[in-house]
Amino acid sequence: MKMTRAQLYRRIDQAEPGELAKLEKQIAACPWRQGYHIQPVTGLLNDPNGFSYYEGYYHLFYQWFPLGTEHGMKYWYHTRSRNLVHWENIGIAIEPGSPYDSHGAYSGSAVEKDGRLNLIYTGNTRDENWIRHPYQCLAVMDEQHVVTKYEQPVIPEVPPGYTEHFRDPKVWLHGDAYYCVIGAQRTNETGCTVLYRSADLKHWQFLGEIITALPSFGYMWECPDYMELDGLGVLIFSPQGIQAAGDQFQNIYQSGYLLGEPLNLETRAFNHIPFQELDRGFDFYAPQTMHSPDGRRILVAWMGLPDLVYPTDDSGWAHCLTIPRELSVQGNKLIQRPVAEMEQLRRDKQGIEAKLTLNDECKTVVNFHGITYELECEINLKGAEHAGIEFRASATEKTVIQYDCLQHKLKLDRSQSGAALSEANGTIRQCALEADVIKLRMFVDSSSVELFVNDGQEVFTSRIFPSRDSIAIRFFAYGGSADFTAMKWNY
Ligand code: FRU
């Protein structure tokens, strides 16, 4: 049942008696609670925020509406981890409801300064006519996780030329100055990113737009993130309003990047090659990266999308975050690989191995089945027209990954994955891939799969909602033969 506006914009302390307990009860009975992904205790999770390292822990916050599965009053919820894979729920970090974040503490980032973690976020407010007024706000967190908000916003105005869609500050330190990118919409309703500079995180100077070769690319760019990687400049953002084109841009909203020469911080010129999607799957949005103490660039994204309904909505919770991925540049592309720490989740360190040759057939293998696991599989194509893996399968359900050797495409099909999802955006995702050997590395959880193809050349991130007894894994090769070598680790 949809909530009214008044219900959506309640804070957690305004919940009805028993409301949270009811959600918790529904959630406890939900078959799709994740095993090793960050998910909300109740209600809805969306963007990762404030991904950082501080006082010996990785800190990862997320957008959270505690009281339901629609987008309502947003909090920052705080989790932390020593190793990027075992996460501990800390609780609420930023509570909305002050004059400058009366209708939500929206997305933002974190940077350490003077021994505190500074959280820079968008305060979302609505006036009596429901017109949005965004403010960029600052809060500081100490070692005890006590968060203190600055009373005044640090960027109180939207500069002329931009609409009220002005949010998601991502801050970084360069030399002795802080820089910040913000997602914006121009008054002509096209999306872009703007740049600010500050010496102290409290006083910010508007420098202007990042000058890209995309003057008209969608109507809003959400969650920008700028970084330098292997001597190149990378601008990640989530544009809205891009039309599907062939296999690309199939989701309701996109997430991708511009790769180029390092951004010129004085002129704001950014010379780059065309926009590329980060992920090929159904559920990936608003990624955020951090720079780890050992020099890695690590990305986490929301495994979901705005404006869609999901089967867990009826169970009082929605969405999760992806596993952390290490980024690198190879040629003209960003490569994503699961962080090495993921191996710490392997319960049977040795793993279970299988080798088989298939010729026009589909087979199961002893001990290859499950709900939460990592599966690595190398497929050597020896004339097969189609070869791949069915997983979370039963007599009636399956999710299918296959390489189509005729079209040279890798495909993920969730048309028979289980509980129905909105089919408005299709049931198959695919991308071109030229290879004789296909390496698949899958991270399967109760209601998701993250598939890394050929060492992170392509990634497919998707929610799936199979029943608990759909646990089979089947290997297949049709129209010819293929060799399979597979390893599986239970999580
Ligand atoms: C992206 C987004 C951000 C915003 C936040 C609100 O999913 O719309 O632009 O800050 O979510 O929850």
* Across the stretch 361-375, what is the total count of residues that are crowded, with 16+ Cβ neighbours inside 10 Å and in a strand (DSSP E or B)? -> 6
* Structure fact -> Filtering the stretch 218-244 for residues that are free of Cβ contacts under 8 Å to residues at least 60 places away in the same chain and in a loop (DSSP other than H, G, I, E, B) leaves a count of 7
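Tell me whether the stretch 395-406 contains one or more residues that are among the β-branched types (Val, Ile, Thr), farther than 22 Å from Leu278 by Cα and assigned by TED's automatic domain parsing to the domain that holds Tyr373.
yes
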* May I ask you to list pairs of residues, at least six apart or on different chains, whose Cβ atoms are under 8 Å apart, with the first in the stretch 60-77 being farther than 16 Å from Gln39 by Cβ and of a type in the set (D, E, K, R) and the second being within 11 Å of the ligand (Cβ to nearest atom) and part of a loop (DSSP other than H, G, I, E, B)? => Lys74/Pro96; Lys74/Gly104
* To do: Select, from Pro287, Pro324, Pro274, Pro293, the only residue that is surrounded by fewer than 16 Cβ atoms within 10 Å (Cβ to Cβ) and either of a type in the set (Ser, Thr, Tyr) or closer than 20 Å to Asn49 by Cα (or both).
  => Pro293
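For (1) closer than 30 Å to Lys25 by Cβ; (2) in contact with a Lys or Arg (Cβ under 7 Å, 6 or more places away or on another chain), each residue gets a yes or a no:
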| site | (1), (2) |
| --- | --- |
| Met342 | no, no |
| Lys355 | no, no |
| Cys362 | no, yes |
| Ala387 | no, no |
| Thr399 | yes, yes |
| Ile428 | no, yes |
| Ala432 | no, yes |
* Got a sec? Which of Leu259, Leu278 is of a type in the set (A, V, I, L, M) and closer than 18 Å to Gly183 by Cβ? -> Leu278
* Could you tell me whether Ile371 is in contact with a Ser or Thr (Cβ under 7 Å, 6 or more places away or on another chain) and either in the same structural domain as Leu278 (by TED's automatic domain parsing) or on the phi > 0 side of the Ramachandran plot (or both)? => no
* Check on Ile210, within 16 Å of the chain's Cα centre (by Cα) and touching a residue at least 60 places away in the same chain (Cβ under 8 Å) -> no
* To do: Restricting attention to the stretch 207-240, report how many residues are farther than 17 Å from Ile273 by Cβ and either surrounded by 16 or more Cβ atoms within 10 Å (Cβ to Cβ) or among the aromatic types (Phe, Trp, Tyr) (or both).
  => 12
* Would you check which residues across the stretch 226-247 are more than 18 Å from the chain's Cα centre (by Cα) and closer than 19 Å to Gly191 by Cβ and list them? => Gly233, Gly241, Ile242, Gln243, Ala244, Ala245
* Report whether or not Lys382 is in a strand (DSSP E or B), basic (Lys, Arg), closer than 25 Å to Ile352 by Cβ and out of contact with any Cys (no Cβ under 9 Å at 6 or more places or on another chain). => yes
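Within the stretch 324-342, can one find any residue that is touching a His at 6+ places or on another chain (Cβ under 8 Å) and of a type outside the set (A, V, I, L, M)? Before the answer, list the steps.
At the first step, the residues of the stretch 324-342 found to be touching a His at 6+ places or on another chain (Cβ under 8 Å) are none.
Within the stretch 324-342 (the criterion being touching a His at 6+ places or on another chain (Cβ under 8 Å) and of a type outside the set (A, V, I, L, M)), the answer is no, since none of the residues qualifies.
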* Structure fact -> Among residues of the stretch 429-445 being among the acidic types (Asp, Glu) and farther than 17 Å from Ile473 by Cβ, the residue surrounded by the fewest Cβ atoms within 10 Å (Cβ to Cβ) is Glu434
* Scan the stretch 173-197 residue by residue and report those that are surrounded by 18 or more Cβ atoms within 10 Å (Cβ to Cβ), away from the ligand (no atom under 16 Å from the Cβ) and closer than 29 Å to Tyr57 by Cβ. => Tyr178, Tyr179, Tyr196
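The values are calculated or read from the model by the stated rules, or taken from the named source; none is laboratory data. What you are looking at is a predicted structure, and each value in this text was computed from that prediction instead of being measured. A quick note on method: Cβ atoms are made from the backbone with ideal geometry, for glycine too, and the neighbour counts reach across all protein chains shown.
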